[in-house]
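*Asks:* Sending over a structure as structure tokens; questions will come in a sec.
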Amino acid sequence: MTDAMTEVLGGCHCGAVRFRARIARPAGEPLVAHACNCSICQMVGFQHLIVAAADFELLQGEAELNCYTFNTGVARHYFCSHCGVKSFYIPRSNPDGYSINLRCLDTAPAGVVVEAFDGQNWEDNAAELAHLSKKESH
């Protein structure tokens, strides 16, 4: 069976930043978001839906975004310069994709399951997420 694609719209609190994403949902399985317990995700309440770069489109607000990096500098945490909300970013686990915040979607897809991810022990667990931004050929 092939994956079903779910299109979502979202953005920041003030509306300056808007995006569209297509999320692959394995046929017959729930859509899974990840609640990470690393220092930054825990503080901002980010719930990850990771998509391939080709499935993400920034609709507006590129000039309104600021970027924060730390540690290795691979992850690029984008936030709105007006309201401060991080609605998406480029994750270290999937530098070829985007992680969109489930909490920043206009409407969350039906049947989303949020699973815990141990980001406090990132080096031991990151491989669990690495496949999420890969496009499969069908």
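The values are calculated or read from the model by the stated rules, or taken from the named source; none is laboratory data. Because the structure is a prediction, the values reported are computed rather than measured. Backbone-built Cβ (ideal geometry, glycine too); neighbour counts: all protein chains shown. For the accessible areas, the whole protein counts, side chains as well, though only heavy atoms, and no ligand, DNA or RNA atoms are used. Shrake-Rupley method; radii C 1.70, N 1.55, O 1.52, S 1.80 Å.
*Asks:* Would it be correct to say that His77 is touching a Cys at 6+ places or on another chain (Cβ under 8 Å) and either assigned to a helix (DSSP H, G or I) or of a type outside the set (A, V, I, L, M, F, W, C) (or both)?
*Replies:* yes
*Asks:* Return the only residue of Phe56, Phe46, Phe70, Phe79 being more than 23 Å from His131 (Cβ to Cβ) and within 14 Å of the chain's Cα centre (by Cα).
*Replies:* Phe79
*Asks:* Is it fair to say Leu129 is more than 23 Å from Thr6 (Cβ to Cβ) and not polar (S, T, N, Q)?
*Replies:* So Leu129 fails the test.
Residue-by-condition table, conditions (1) part of a strand (DSSP E or B); (2) open to solvent by less than 50 Å² (accessible area, probe 1.4 Å); (3) in contact (Cβ under 8 Å) with a residue 12 or more places away in the chain:
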residue	(1), (2), (3)
Leu59	yes, no, yes
Asn66	yes, no, yes
Thr72	no, no, yes
His82	no, no, yes
Lys86	no, yes, yes
Ser93	no, yes, yes
Ser99	yes, yes, yes
Thr107	no, no, yes
Asn125	no, yes, no
